[in-house]
Amino acid sequence: MRQQRFQRTPLLSGDDINAKREEIRAYFHATLDYYEKLFETLRNDEAYYKKPIPLRHPLIFYLGHTATFFANKLILAGLIKERINPKLESTFAVGVDEMSWDDLDTTHYEWPTVEEVRNYRNTVRNLVDKLISNMPLTLPITWESAWWPIIMGIEHERIHLETSSVLIRQHALEYVQPHTDWEPCRESGAAPQNQLINVSAGTICVGKNFTDPVTYGWDNEFGQHETHVPAFQASQYLVSNQEFLAFVEANGYTTENYWEEEGRSWQKFAGAKHPTFWVKKNSEWQLRLMTEEIPMPWDWPVDVNYHEAKAFCNWKTATSGQPVRLPTEDEWYRLYDFTNLSEVPLNEPAAGNIHLDYYASSCPVNKFKQGEFFDITGNVWQWTETPTYPFEGFDVHPLYDDFTTPTYDDQHNLIKGGSWIACGNESLRSSRYAFRRHFFQHAGFRYVVTDTPAAQHSSHYETNKLLSEYGEFHYGDTYFDVPNFPAALAEIAIAAMGDRPAHKAFDLGCASGRSTFELARHFDHVTGMDFSARFIGQGVQLAQTGVLRYTLTEEGDLVSYKERSLANLGLESVKNKVEFYQGDACNLKPIFTDYDLILAANLIDRLYDPAKFLTTIHARIKPGGLLMITSPYTWLTEHTKKESWVGGFKKDGENFTTLDGLKETLGHHFKLIQGPQAVPFVIRETKRKFQHTLAEATIWEKIS
């Protein structure tokens, strides 16, 4: 057992400002220290640049990502004004989960040296430490507080403490080495016989309060969810390696009837015949841990993905005659309450193998008893039947709008209970983490027996008012005879191209992506990019499925239901010519270059540094190529600090318009060839409320 507790996630309230400041400082440094010690398990620098698995970046990305996350969020929050290293902060910004718009082609990345990344981390560490010392602090800390992004960065690093440990576990043994700070459990014995225990019916209530969150939480933890959970039976233990062996020996991996369609596709693609961390050597099974292989500890929990866990349950149903399945998220909460569990103590060892209190690995499934059960929390995460979904009252934090929303796709299932390395927010009852069903974490499962079907909540995010309005704005009806704005812009841009080459176009600030598709009528390839993952998710969905569904507010709580398709818009034939990325227009990656046209629609007055964008965008356009800018010039300090406005103010006592600013800023590399031209648009808010706006469009030709 470890002698010193890894500091717990801090309470956000209190009476002593200085003590809370020092608590957060200690939490920050302890987190970075543990994370950097994790990478000491890599044997050499080469280990940082070899991918452990094809679907994820090499580990050098994860060493840098958590530090650049701090910088990027502090810039967005206005807590720092200058970037530390724009190149690194672009390279390491996104690309962690295999979202459909991520680009994991290694030819697109020029990774920095390990030393450069470590030096960058030290710079970030010193910067955040100074902020902790000097920022005004008012308690309690809510998600509107300037301190929220500080704690967000710390908890984000703790997430990657776990996910990076999984990648290290998947790395070739030649690239890893044992470490005294990462000692696994050395206990093993005969696996216990699993049995079912009755769990009485009960009501569960979950959800954090926006104004009094108590502890830090991610956006999907906020809101309210209350429901009655019928009685069920649950396995006393997590499924052990021994119990899972029976499924393997019963040809469970090759019996198609046990697998769901998606799971069968994964099993065939992966060629899986047994759990991925099981290693067969000389007819004996071994288990791969983070830095070594050991003789199979049959009484430890099995590590599997959702598909394997689900196939086991289906096999169990077929062989036992009982309705066996994975628990839902609600049933896991009921188990937690039924066993009278409480949060990990602040200064005492946890009641389970969690928060790095004991080992750098799993341990026997019968070691930590919790009520009548074992390991309701700790040891390994537990897969559930529940695809992640938003609670009632869910909202997106403006500093991290793509933490959860890209997972509202019915393809990411919730895992509950935490693992041996689940720390900070991950260790709390309220935590809600979800992964694609074929992913591996330190995750296993327990099973339940019940006739109650697994409740499925709607995880589609098209009920969000803003997304629905933009879905309608881009793909819906026209109002008051005003033409569709994104389509009109594409038409103007294509006409301006004339007989110029039309190989590549860049729709920058593409929002839901209509202009991206419209430009593809003329261009060979079009890239759409937006800062918001929520918006580009609509474009991605249309490119993948051809259909977008959303609700529109009529009045009050009354809504109408809409379905739009590329086919009805005459765009089905161009969907293979488009791609979507999330990105920062003020800090673009080098790969976004050599465009014949760049469209920046209603973008510049929403940038935190529009001058930087305007003074560098020429480098992305081919000579003779066009830049089309549209904007209603709605300068707001909530988006752009006043000193960064391009126009809309007095200069030398005279009016200085945004068009004046564009001419002054772009004149070094462009000439104005068309406009200004007023282009109207209408955004529907409700059945009887519309927003009518005039954007000004200008088209510029690159001359140098």
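Laboratory data are not the source of any read-out in this text; all were calculated from the coordinates shown. From a predicted model like this one, the values you see are computed outputs, not experimental measurements. All Cβ positions, glycine included, derive from the backbone under ideal geometry; neighbour counts span all protein chains shown.
In plain terms, the bigger the Kirkwood radius, the slower the diffusion; for segment 17-182, with that radius from Cα pairs, at 10 °C and 1.306 mPa s, Stokes-Einstein puts D at 95 µm²/s. Computed from backbone phi with θ = phi - 60° and the Karplus coefficients 6.51, -1.76 and 1.60, the 3J(HN,Hα) list for segment 696-704 is 9, 10, 10, 10, 10, 9, 6, 10, 7 Hz; x is used for glycine and proline.
Pull out a ≥ b ≥ c, the square roots of the eigenvalues of the alpha-carbon gyration tensor of segment 465-702, then state rounded if a/c is under 1.5, prolate if not and a/b is larger than b/c, and oblate in the remaining case. Cα axes put segment 465-702 in the oblate bin. P(r) tail for segment 560-669, what percent of Cα pairs lie past 23 Å? Value for segment 560-669: 42 percent of Cα pairs lie more than 23 Å apart.
Measure nothing fancy, just the Cα-based angle from helix 114-134's long axis to the longest principal axis of the chain, in degrees from 0 to 90, nearest 10. Orientation of helix 114-134: about 80 degrees from the principal axis. Checking the cross-link pairs K37/K589; K73/K130; K281/K310; K20/K81 against a 21 Å limit on the alpha carbon distance flags K37/K589; K281/K310; K20/K81 as lying beyond it. In order along segment 180-185, the Karplus-derived 3J(HN,Hα) couplings, from 6.51 cos²θ - 1.76 cosθ + 1.60 at θ = phi - 60°, round to 4, 7, 10, 7, x, 5 Hz, and Gly and Pro are given as x. Each other residue within a Cβ distance under 14 Å of L173 adds +1 if Lys or Arg and -1 if Asp or Glu, for a net charge of +1. Annotation note: GluC sites (Glu not before Pro) in segment 498-578 located in DSSP loop regions with a Cβ neighbour count of at most 13 within 10 Å are absent. Fully extending the segment from K50 to Q193 would add 47.4 nm, taking 0.36 nm per residue of separation and subtracting the current Cα-Cα distance. Within segment 465-702, antiparallel bridges make up roughly 60 percent of the DSSP beta bridges whose residues both belong there. Sequence-ordered 3J(HN,Hα) estimates for segment 210-215 from the Karplus curve with 6.51, -1.76 and 1.60 and θ = phi - 60° stand at 4, 8, 8, x, 6, 10 Hz, glycine and proline given as x.
The GluC sites (Glu not before Pro) of segment 1-91 that DSSP puts in a loop, and whose beta carbon has at most 13 other beta carbons within 10 Å, are E82. Given R0 = 45 Å, the distance between the Cβ atoms of N122 and E664 translates into a calculated FRET efficiency of 0.70. Ordering R564, R186, R118 by the number of other Cβ atoms within 10 Å of each residue's own Cβ, fewest first, gives R186, R118, R564.
Taking amide H as placed 1.01 Å from N in the peptide plane, the amide H of F649 sits under 5 Å from that of F656, each at least 5 places away or on another chain.
For segment 196-449, the antiparallel share of DSSP beta bridges with both residues in that region comes to about 90%.
For F232, the amide hydrogen comes within under 5 Å of the amide hydrogens of V199, counting only partners 5 or more places away or on other chains and with H modelled in the peptide plane. Spatially, segment 656-677 and segment 291-334 are offset by 63 Å when compared through their Cα centroids. Modelled label positions at A250 and T203, each set 7 Å beyond Cα in the direction of Cβ, lie 3.9 nm from each other. Maximal additional length on extending the A19-T142 stretch stands at 42.5 nm, based on 0.36 nm per residue less the C-alpha distance. Looking at the chain alone, DSSP beta bridges between its own residues are antiparallel in about 75 percent of cases.
Once the C-beta distance of D557 and T276 is scaled by a Förster radius of 41 Å, the resulting FRET efficiency is 0.30 to the nearest 0.05.
Label positions at Q177 and S704, each projected 7 Å from the Cα along the C-beta direction, are separated by 5.5 nm. Amide H to amide H, with H built 1.01 Å from N, F368 comes under 5 Å of D375, counting only residues 5 or more places away or on other chains. Segment 686-700 and segment 351-380 have their alpha-carbon centroids 57 Å apart.
Remark: relative contact order (the chain) = 11 percent; criterion is Cα-Cα distance under 8 angstrom and separation of 6 or more residues.
Counting every alpha-carbon pair across segment 196-449, the share separated by more than 23 Å comes to 51%.
Label zone (T227, point 7 Å along Cα-to-C-beta; backbone nitrogen cut-off 13 Å) within segment 316-351: 327-334. Segment 356-493 gives an Rg/Rh value of 1.16, both radii derived from C-alpha positions and Rh following Kirkwood. Can you grab the distance from the C-alpha centre of segment 403-454 to the C-alpha centre of segment 562-596, Å, no decimals? What the calculation gives is 32 Å, centre to centre.
A full extension of the chain between E82 and D33 corresponds to an added length of 15.1 nm, given 0.36 nm per residue minus the alpha carbon distance.
Take every pair of alpha-carbon atoms less than 8 Å apart whose residues are at least six positions apart; their mean separation over the length of segment 546-704 yields a relative contact order of 22 percent. Modelled spin-label separation between Q411 and T616, with each label point placed 7 Å from Cα along the Cα-to-Cβ direction: 3.1 nm.
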